[in-house]
Amino acid sequence: MSEDFTWRDAGRTVVFRRGGVRQALDVLREHGVGEFELLSTERALGEAGDGLRETAHGVHLVAQGQVPAAAAPLLDALAHPHDAGKGARARPLVALGGGRVVDVAKAVGAVSGADVVAIPTTLSGAPMTGIHRLAEGAEEKVRGMVRPSLVVADPEAMTGQEERELRASAMNALAHGADTLYLPGSNPVSEMTALRGAALIGSALDEARVERDRGDLALGAILCGYAIDSAGLGLHHLICQTLVRICGTPHAESNAAILPKAVGFLSERAPKAYEALAVSLNTDLAGLPERIEELGQPRLLGSLGGDESRLNEALEAMLKRPELKWVPGMVAREDLAALVRAAW
């Protein structure tokens, strides 16, 4: 079982603590966060401990929808310094919620220069990465991409979803590690964290376990998030991100449906990398896609409300993604279509 810890890494601190959401205000104070703006949802605010909402200078509910549109209306309130004096900075942005909430805070921080604190309530990789979309209409004002400087990772809050949602979220987390293993940016640290994270996620999701180890599942997500931030995005993510943006498929469920198909495709082209992943998931290379299916129990994307009429548009957009050049061998439109159709 994963124990509580504090991890300091190149300007970022990760506080892995059971009960961390309820103790969030104390953790913020421990790490020098005084005045702050709170971004969240009504659902997530219901899990927060005493004083967090009341202490915030302002509470800003993040709208449903994709990050660029959700971030844009928050810029007027949050993307400017709170003190007119020399060297003034915008207040830190504390994001309590899932990946969309954290990514909206990062998008606002990219304009304002504010530090971002992530308090995740799902297994999203957003708290661990400097990867995010930009606020609509503010692309020219961006100072730089934002990685949260403080992450309060509470395994109870991160794994509180219903079983089906939790498995989909866990496959999103697993994909953060699995998609990095063959990339030019892959390195010994990203490989180590990806494989260790995958092993923790696989073990925690095994049906044979009587009681799920939430700590292992949450730590697996943190490690795989670190891996993708270090090594970059690959084939799986370019497919899923494009489907979500163009066809409107749900984010976590898209990852769960595509991951076994993408790994099956990639394992034929980079067998050494995926043999290591197979070992981490207690299977062999041939059985790797089936093992991931077993863990994620995905639903077909066509049953989840995606717009099938826009699949051709999505495929054309995938072909323009720069990440395709890192996939070993040529990737043709037919390859992408077959992967998507198999999951649709």
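So here's what we get for this one:
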quantity	calculated
Residue within the range 172-190 that is in a helix (DSSP H, G or I), surrounded by fewer than 24 Cβ atoms within 10 Å (Cβ to Cβ) and within 18 Å of the chain's Cα centre (by Cα) present	yes
Single unsatisfied condition, A84 versus (1) over 23 Å from A227 (Cβ atoms); (2) in a loop (DSSP other than H, G, I, E, B); (3) at pLDDT 95 or above	(3)
Residue list for the range 136-161, filter: surrounded by fewer than 24 Cβ atoms within 10 Å (Cβ to Cβ) and either closer than 19 Å to R18 by Cα or in contact (Cβ under 8 Å) with a residue 40 or more places away in the chain (or both)	E136, G137, A138, K141, R147, S149, L150, E156, T159, G160, Q161
Any hit, the range 253-261, residues being assigned to a helix (DSSP H, G or I) and among the charged types (D, E, K, R)	yes
Residue within the range 119-129 that is within 15 Å of A71 (Cβ to Cβ) and either within 12 Å of the chain's Cα centre (by Cα) or touching a residue at least 40 places away in the same chain (Cβ under 8 Å) (or both) present	yes
Any pair with Cβ under 7 angstrom, 6 or more apart, that starts in the range 94-112 at a residue that is of a type outside the set (A, V, I, L, M) and ends at one that is assigned to a helix (DSSP H, G or I)	G97/A44; G99/A126; R100/V67; R100/A70; D103/V67; D103/A126; S112/L78
Any pair with Cβ under 6 angstrom, 6 or more apart, that starts in the range 195-206 at a residue that is more than 9 Å from L295 (Cα to Cα) and ends at one that is of a type in the set (V, I, T)	none
Residue under evaluation I292, criteria (1) part of a helix (DSSP H, G or I); (2) without any contact (Cβ under 8 Å) to a residue 12 or more places away in the chain; (3) not charged (D, E, K, R), criterion not met	(2)
Number of positions in the range 277-303 that are closer than 21 Å to A170 by Cβ and surrounded by 15 or more Cβ atoms within 10 Å (Cβ to Cβ)	17
Residue in the range 273-287 that is without any contact (Cβ under 8 Å) to a residue 60 or more places away in the chain and either closer than 22 Å to T122 by Cα or touching a Lys or Arg at 6+ places or on another chain (Cβ under 6 Å) (or both) present	yes
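The values are calculated or read from the model by the stated rules, or taken from the named source; none is laboratory data. Predicted model, so just to flag it, every value in this text is computed and none were measured. Positions of Cβ are generated from backbone atoms using ideal geometry, with glycine treated the same way; all protein chains shown enter the neighbour counts.
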